[in-house]
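To start, the structure itself, in C-alpha cells.
The values are calculated or read from the model by the stated rules, or taken from the named source; none is laboratory data. For clarity, every value in this text was computed on a predicted model and none was experimentally measured. Please note: Cβ atoms are built from the backbone with ideal geometry, for glycine as well, and neighbour counts cover all protein chains shown.
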Amino acid sequence: MSEDYWDQDTNEVIEEVGVDDGTENTFVRVNGSNVTIEPGASFAEAVKNVAENAEFGKFRVFLNGEEVKPSTAPNIFEAGMKAEIRPYDKAAAK
C-alpha cells in the first residue's frame, strides 16, 4: 500500500497547507470551495466522497494544515476540523 497518495480504489494517501478560515466550521476544502462535513462523519468516507465529486482519482489530504496519510488519518471528523484535498501530482510529490 502506497503512502504517497489517497486512491479512490484502494483507500491509499499522498506539503504543509494552511486551511484556517477563522471559523469553527467542519469542512473539506477542494478547488477553493468548502464542503461542510457533519461532525462524527467517517473521515475516510467524507474525503473520498468530496474527491469523487471533484473528479479526483488520486489525491492528497491535509488536516488542519498537515498532510495526513491513510494510516494516520482519524476515524471521524470532529467539530472544527478543517481538511483540504488536492489532486495527486506525481511529478511534484516528494
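Residues of region 41-64 include at least one that is in a loop (DSSP other than H, G, I, E, B) and at pLDDT 95 or above. May I ask you to list pairs of residues, at least six apart or on different chains, whose Cβ atoms are under 6 Å apart, with the first in region 70-90 being more than 15 Å from GLU38 (Cα to Cα) and of a type in the set (Gly, Ala, Ser) and the second being modelled with pLDDT of 90 or more and outside any loop (DSSP other than H, G, I, E, B)? Partner pairs satisfying both residue conditions: ALA73/PHE43. When you check VAL17 against the structure, is it under 16 Å from ARG86 (Cβ atoms), at pLDDT 50 or above and β-branched (Val, Ile, Thr), yes or no? No.
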